[in-house]
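To start, the structure itself, in structure tokens.
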Number of protein chains: 4
Amino acid sequence: MAIEKRGGIFAKRRQRRISRRRDEILKAAARIFAEKGYAGSTTKEIAAQADIAEGTLYNYFDGKREILLAIVNASQAPLETMLQEVRELRGREDLIALAEKIFDSLLSQTPFTRTVMVEAWLDDVILQGVVMERMQRIGQHLQAFITARVEAGAFRPVDPVLTSWMVIGMFSAIILPILRGHTPSPSPERRRALAEAAVDMLLDGIRVREG
Amino acid sequence: MAIEKRGGIFAKRRQRRISRRRDEILKAAARIFAEKGYAGSTTKEIAAQADIAEGTLYNYFDGKREILLAIVNASQAPLETMLQEVRELRGREDLIALAEKIFDSLLSQTPFTRTVMVEAWLDDVILQGVVMERMQRIGQHLQAFITARVEAGAFRPVDPVLTSWMVIGMFSAIILPILRGHTPSPSPERRRALAEAAVDMLLDGIRVREG
Amino acid sequence: MAIEKRGGIFAKRRQRRISRRRDEILKAAARIFAEKGYAGSTTKEIAAQADIAEGTLYNYFDGKREILLAIVNASQAPLETMLQEVRELRGREDLIALAEKIFDSLLSQTPFTRTVMVEAWLDDVILQGVVMERMQRIGQHLQAFITARVEAGAFRPVDPVLTSWMVIGMFSAIILPILRGHTPSPSPERRRALAEAAVDMLLDGIRVREG
Amino acid sequence: MAIEKRGGIFAKRRQRRISRRRDEILKAAARIFAEKGYAGSTTKEIAAQADIAEGTLYNYFDGKREILLAIVNASQAPLETMLQEVRELRGREDLIALAEKIFDSLLSQTPFTRTVMVEAWLDDVILQGVVMERMQRIGQHLQAFITARVEAGAFRPVDPVLTSWMVIGMFSAIILPILRGHTPSPSPERRRALAEAAVDMLLDGIRVREG
DNA sequence: CATGAATGAGTCTTCATTCAT
DNA sequence: GATGAATGAAGACTCATTCAT
């Protein structure tokens, strides 16, 4: 019986091993990049954090920059799967649920998200290709919701694009200190409360209704 | 007749010349830092941008890091003077006026503001000592306003701290693409419109009043 | 019945297999070394060219340097056997035949020859122990021939050592562009013509005899 | 009186200082490259040989490869000026004089010449653009001489190209051991003798004229 | 004060060699 | 024996800082 070479059990095991190692390196690098920024981090630190030799990095990635790009890519996944589950937004509950899910997906791997947020300030590829792209996808859902309601006469005739931007800003303001490590990650209950507060402000503002 | 050295007219001229040169360097450095981040910038680039020799930088600053800190400090001034003029906030008009002023002061020297925003992600000194400090000062005004109104029964019983955070987030979302260079700086009319939109959303939300 | 281990048929087969594999590796390495030089080649490239894993190299050779030395050694064989067949040189025909044989042996494995030629420029061991040694052996034949003829009054009283050096230079000039890959390998007829041209120049020069 | 900036005496002095330093570096690098080959040499060694810090190399050259190319270029000069002085070759004396001059120019800066010879084995740019180009220029002079004489009936109808190649080979054989450092540089008298021996062999061969 | 060449510690990356599987 | 991942020493190159002019 010949040794299975392709598609065999060994090849699969090997693939898994490689994949696992890559993930470890990415996690280590994301922690470093999140703390010091890409340019301020060294491959030596990354290797130490991943508990491997510096040279080993290059068995898994073509270079420091490729590690960054892999992190950026990996950061896509949670939000991506989340967005694919989004149904049409109909009312307050849908918005709150969406907000909660966005919280969860962004906070599920804070070093990755933080790395992306930092580098988007400096790198146009990351800003345009990743951050903007994602924000626009979330924005589209919001805008569709707002536009429909405006036409139905339920919402004031606001600018849907600007409004969705401001909503995203509101949520970002909540998440930022957590990403930055300035505030601990909130409990699920707290997340729900934050989502409600934001959505209620969006819908009704803070002024008491006179009617 | 000896040349006056201290306090004389020459000494003052010298002071002014030094001060002017420092400002030029800061402006040059801020442009570079804003584009590439502190760690990604070189003193050579800064010197070239400032049109001086590399060594000359060290006649005005103790090192690269000190240039950054000076930029961070310089970025304080506009917001500072602006905040000192703020009177008690009483209603929609006051909020809009405040928003406009914040826009103006942050956008009056975008490279400085952008540099601070980027580095605050990485440097705790800058985050705590500068960014947070400023946000809290703005926040205090908002919170005082909100608290008073809640007590007066004019506002719903929202959490003033959280609300002010979200407001700051809304404004940030508007300013960010401008700072980042992704969107051109808005005209005064546009700034007014943006401020109104944000304040109205804060006060009344987007839902049509039923009464 | 136990498997014969020493001197048995299996052991011989094993020896042959090992020997064959070593030769494959040498051929692969010589191709690489000839193109990029020893220092400019990597064990990874050699392994790839030999279609084996990098680690396998070390089952057949102690290291990169040993591969080079084995190539240098292997390059000896053809010239060696050729030189052992050389009889006393008596005249034009013998010289031409010798020249042809030298061509053949040097061109029979160009990557090996080229590798040796390149590294002899840099490595004293190779220069002294191999290249010089061979040239001197060829030189001795020529010098014996020249000396005898000079004494017999058939040749002018030239310096035999210098003359043999120049002859070797003439031949080298012909071979060099072929080794270097700049010129295709010449046909047997062409080789004969080249050999004749060189020998005739040696014997009679290019000037027309006046007698 | 303003400080002269362009074309002034200071600028010229500076140019000279830079030029001198570049030459020192090239000399040092050529020594190292000649001994160990380009790929086998390190910038550390070059810097040490030039008695400067490693980083200083990069103030004068863009990188290791550019140092090599500068050496290759610098090696052009002596042969170049020499070739421009060459008049039409008419007879034995002209050939001897040419040979002597070629000796001189190649040996005037042996590390440069040796570096070029070694790298030409490995680098097509150097082989084609430099070595071949030079050999062809020398070759053209020889070929013109040979062709004219053949047509005049003074030379046998040899192939001029092949013959000039062989002549170059003869000379190379004489120079090689000197370049390689295997033989000391010959005295002017010895050079003259070598040139005569080579030219006489070219013209008349070594066989005694029967007439 | 201005200059910019010199410095060398530190960076990213390569590669010969080892060794567990 | 064959494999190829792991290693870390060493290499080319960068850059903040110093200092002689």
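The values are calculated or read from the model by the stated rules, or taken from the named source; none is laboratory data. These numbers were taken from a predicted model, which means no experiment stands behind them. So basically every Cβ, Gly included, is an ideal-geometry build from the backbone, and we count neighbours across all protein chains shown.
Do you know which residues across segment A:60-72 are assigned to a helix (DSSP H, G or I) and either surrounded by 14 or more Cβ atoms within 10 Å (Cβ to Cβ) or near DNA strand E (Cβ under 7 Å from one of its atoms) (or both)? Lay out the reasoning, then the answer.
First, the residues of segment A:60-72 that are assigned to a helix (DSSP H, G or I): A:60, A:64-72.
Result: A:Tyr60, A:Lys64, A:Arg65, A:Ile67, A:Leu68, A:Leu69, A:Ala70, A:Ile71, A:Val72.
Screening C:Leu107 on (1) touching a residue at least 24 places away in the same chain (Cβ under 8 Å); (2) touching an Asp or Glu at 6+ places or on another chain (Cβ under 9 Å) shows it passes everything except condition (2).
Considering (1) within 21 Å of A:Asp159 (Cα to Cα); (2) of a type in the set (Phe, Trp, Tyr); (3) more than 20 Å from the chain's Cα centre (by Cα), the lone condition that B:Phe155 does not fulfil carries the number (1). If the condition is being under 27 Å from B:Thr115 (Cβ atoms) and free of Cβ contacts under 8 Å to residues at least 12 places away in the same chain, then segment B:148-171 contributes B:Met166, B:Gly169. When A:Gly40 is tested against the conditions (1) away from DNA strand E (no atom under 16 Å from the Cβ); (2) small (Gly, Ala, Ser); (3) surrounded by 16 or more Cβ atoms within 10 Å (Cβ to Cβ), the lone failure is (1).
Report, by residue number, each residue of segment D:47-59 that is away from DNA strand F (no atom under 12 Å from the Cβ) and not in a helix (DSSP H, G or I). Steps first, answer last, please.
Looking only at segment D:47-59, we keep the residues that are away from DNA strand F (no atom under 12 Å from the Cβ), and these are D:49-51.
Hit for segment D:47-59 is D:Asp51, nothing else.
Of these, D:Ala29, D:Ala34, which one is in a helix (DSSP H, G or I) and within 14 Å of DNA strand F (Cβ to nearest atom)? Steps first, please.
Numbers: D:Ala34 fails: within 14 Å of DNA strand F (Cβ to nearest atom).
Among D:Ala29, D:Ala34, only D:Ala29 is in a helix (DSSP H, G or I) and within 14 Å of DNA strand F (Cβ to nearest atom).
Exactly one residue out of D:Ile174, D:Ile126, D:Ile206 is in contact (Cβ under 8 Å) with a residue 12 or more places away in the chain, aliphatic (A, V, I, L, M) and within 28 Å of C:Ile206 (Cβ to Cβ): that is D:Ile174.
Take D:Ile25 and decide whether it is within 16 Å of DNA strand E (Cβ to nearest atom) and touching a Leu at 6+ places or on another chain (Cβ under 8 Å). Break it down into steps so the answer makes sense when it comes.
On the way: within 16 Å of DNA strand E (Cβ to nearest atom): yes; touching a Leu at 6+ places or on another chain (Cβ under 8 Å): yes.
Yes, satisfied.
Out of A:Thr43, A:Thr113, A:Thr56, I need the residue that is assigned by TED's automatic domain parsing to the domain that holds A:Gln128 and of a type in the set (S, T, N, Q). Which one? Just one listed residue meets the conditions, A:Thr113.
Out of D:Ser108, D:Ser19, I need the residue that is touching a Pro at 6+ places or on another chain (Cβ under 7 Å) and more than 16 Å from DNA strand F (Cβ to nearest atom). Which one?
One residue alone meets the criteria, D:Ser108.
Within segment C:60-71, the presence of a residue that is of a type in the set (Asp, Glu), within 15 Å of DNA strand F (Cβ to nearest atom) and either touching a strand residue (DSSP E or B) at 6+ places or on another chain (Cβ under 9 Å) or within 14 Å of chain D (Cβ to nearest Cβ) (or both) is excluded. Flag: D:Val118 matches the condition of being farther than 19 Å from D:Pro186 by Cα and surrounded by 18 or more Cβ atoms within 10 Å (Cβ to Cβ). Of the helices (runs of 4 or more DSSP H) contained entirely in segment C:133-211, those carrying at least 3 residues that are surrounded by 21 or more Cβ atoms within 10 Å (Cβ to Cβ), at pLDDT 90 or above and facing chain D (nearest Cβ under 7 Å) fall at C:160-179, C:188-204.
When only residues in segment D:45-59 that are near DNA strand E (Cβ under 9 Å from one of its atoms) and surrounded by fewer than 17 Cβ atoms within 10 Å (Cβ to Cβ) count, which is farthest from the other protein chains (Cβ to nearest Cβ)? Step by step, filter segment D:45-59, then rank; the result is D:Asp51. Take A:Leu122 and decide whether it is assigned to a helix (DSSP H, G or I) and either assigned by TED's automatic domain parsing to the domain that holds A:Gly181 or more than 12 Å from the chain's Cα centre (by Cα) (or both). Spelling it out, it is not the case that A:Leu122 is assigned to a helix (DSSP H, G or I) and either assigned by TED's automatic domain parsing to the domain that holds A:Gly181 or more than 12 Å from the chain's Cα centre (by Cα) (or both).
Answer yes or no: is there a residue in segment C:26-41 that is polar (S, T, N, Q), free of Cβ contacts under 8 Å to residues at least 24 places away in the same chain and farther than 27 Å from C:Pro184 by Cα. No, every residue in segment C:26-41 fails to be polar (S, T, N, Q), free of Cβ contacts under 8 Å to residues at least 24 places away in the same chain and farther than 27 Å from C:Pro184 by Cα. Filter segment D:8-37 down to the residues that are away from chain C (no Cβ under 14 Å), surrounded by 14 or more Cβ atoms within 10 Å (Cβ to Cβ) and of a type in the set (D, E, K, R), then identify the one that is nearest to D:Val116 (Cα to Cα). In this case the residue turns out to be D:Lys27.
Taking (1) assigned to a loop (DSSP other than H, G, I, E, B); (2) within 16 Å of DNA strand F (Cβ to nearest atom) in turn, D:Lys44 satisfies each apart from (1).
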